[in-house]
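To start, the structure under review is shown below, and the notes come after it.
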Amino acid sequence: MSTVCAQCQVELRQRDVRLRYLGVEFTVGLPACPVCGQVYISEEVAHGRMREVEEMLESK
């Protein structure tokens, strides 16, 4: 089952996306629309990635 862009109705493709959280910027591969560029971030990915950044900051 593939994910489709709600706006363009085309299949999302994996691409590198730069994210910033708590002042830290990192790159992660996420599904994005090849037409409009909208990125899909699942709740699971959002919580997992943000927790990784928080743990990294705590260890500094």
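The values are calculated or read from the model by the stated rules, or taken from the named source; none is laboratory data. The structure displayed is predicted, hence computed values, not measured ones. Methodologically, a virtual Cβ is constructed for each residue, glycine included, from the backbone with ideal geometry; neighbour enumeration extends over all protein chains shown.
Do we find that G37 is in a loop (DSSP other than H, G, I, E, B), surrounded by 10 or more Cβ atoms within 10 Å (Cβ to Cβ) and among the small types (G, A, S) in this structure?
Numbers: in a loop (DSSP other than H, G, I, E, B): yes; surrounded by 10 or more Cβ atoms within 10 Å (Cβ to Cβ): yes; among the small types (G, A, S): yes.
Taking the combined requirement at face value, the residue satisfies it.
Starting from residues that are more than 20 Å from E52 (Cβ to Cβ) and among the hydroxyl-bearing types (S, T, Y), keep the ones in the range 1-32 and report whichever is surrounded by the fewest Cβ atoms within 10 Å (Cβ to Cβ). Ranking the qualifying residues of the range 1-32, first place goes to S2.
Here's the yes/no breakdown for (1) assigned to a strand (DSSP E or B); (2) at pLDDT below 75; (3) basic (K, R):
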residue: C8; (1), (2), (3): no, no, no
residue: V17; (1), (2), (3): yes, no, no
residue: R20; (1), (2), (3): yes, no, yes
residue: T27; (1), (2), (3): yes, no, no
residue: L30; (1), (2), (3): yes, no, no
residue: I41; (1), (2), (3): no, no, no
residue: E44; (1), (2), (3): no, no, no
residue: V53; (1), (2), (3): no, yes, no
